[in-house]
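Quick notes on the structure that follows.
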Amino acid sequence: MNDAPVHQQLHPTNWKAAVGYANGIVATGHTIFVGGQIGWNGDQVFESDDFVDQIHQALANIVSVLQEAGAGPQHVVRLTWYVTDKREYLARLKEVGAAYREVMGKHFPAMTMVQVADLIEDRARVEIEATAVLPAD
């Protein structure tokens, strides 16, 4: 796996510090697009209906897909989160942060989060898309 830095965070100097995300990223290399991952395992089985457990699994799924291209969490430049309950997200933010850091480390790409009415899989509580950039050799 190539561990070389692939991006530079973009943050206007007069803006308040971003915490847990980047306002923008510039990157060069091979782009990897990871379709929305939900909180089920590789056998498409939900092991938990807990919100934070599903976030942990969705992020782990993203890492598994990235590994197929020789990439890892450090190569992610953008995440888009779709959650069914923003209040639960906000109420459990510390747990979400711990689950995130366990899977993704202290790497914080550009992120967007949207509350949605529902997801296609009835038991899914979160879906996360990722874009990563693997440095060109």
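Every number here is computed from the coordinates shown, using simple stated rules; none is lab data. The shown structure was predicted, so the numbers you read here are calculated from the model rather than taken from an experiment. In this analysis, Cβ positions are derived from the backbone assuming ideal geometry, glycine residues included, and neighbour counts consider all displayed protein chains.
Couple of notes before you dig in:
- Close amide H partners of Gly24, meaning residues 5 or more places away or on another chain with modelled amide H under 5 Å apart, are Leu10.
- For the stretch 7-134, the dipole from Cβ point charges (+1 on Lys and Arg, -1 on Asp and Glu) about the Cα centre works out to 780 debye, to the nearest 20.
- For the stretch 111-117, putting each phi into the Karplus relation 6.51 cos²θ - 1.76 cosθ + 1.60 with θ = phi - 60° gives couplings of 9, 10, 10, 10, 8, 10, 5 Hz, in residue order, rounded to whole numbers and with x for Gly and Pro.
- Among the GluC sites (Glu not before Pro) found in the stretch 34-102, those both in a DSSP coil and sparsely packed, with 12 or fewer other Cβ atoms within 10 Å of their Cβ, are Glu47, Glu68.
- Antiparallel content of DSSP bridges confined to the chain, in %, to 5: 75
- Whole-Å distance, taken between Cα centres, linking the stretch 65-92 and the stretch 109-129: 10
- Among the trypsin sites (Lys or Arg not before Pro) found in the stretch 88-137, those both in a DSSP coil and sparsely packed, with 13 or fewer other Cβ atoms within 10 Å of their Cβ, are Lys106, Arg123.
- In the chain, Rg over Rh equals 0.97, where Rg is the alpha-carbon radius of gyration and Rh the Kirkwood radius from pairwise Cα distances.
- In the chain, the longest principal axis of the Cα atoms and the axis of helix 93-104 are about 60 degrees apart.
- Within the chain, helix-based [θ] at 222 nm, where runs of 4 or more DSSP H residues each add -39,500 (n - 2.57), nearest 500: -8000 deg cm²/dmol
- Dipole of the chain, positive direction: furthest Cα of Ala58, Val45, Gln8, with charges on the beta-carbon: Gln8
- Near Asp53: Cβ cut-off under 13 Å, other residues only, Lys/Arg at +1 and Asp/Glu at -1. The net charge is -3.
- For the stretch 47-63, 3J(HN,Hα) per residue [Karplus equation, 6.51 cos²θ - 1.76 cosθ + 1.60, θ = phi - 60°, Hz, x = Gly/Pro]: 8, 7, 9, 5, 4, 5, 4, 5, 4, 4, 5, 4, 5, 4, 4, 4, 4
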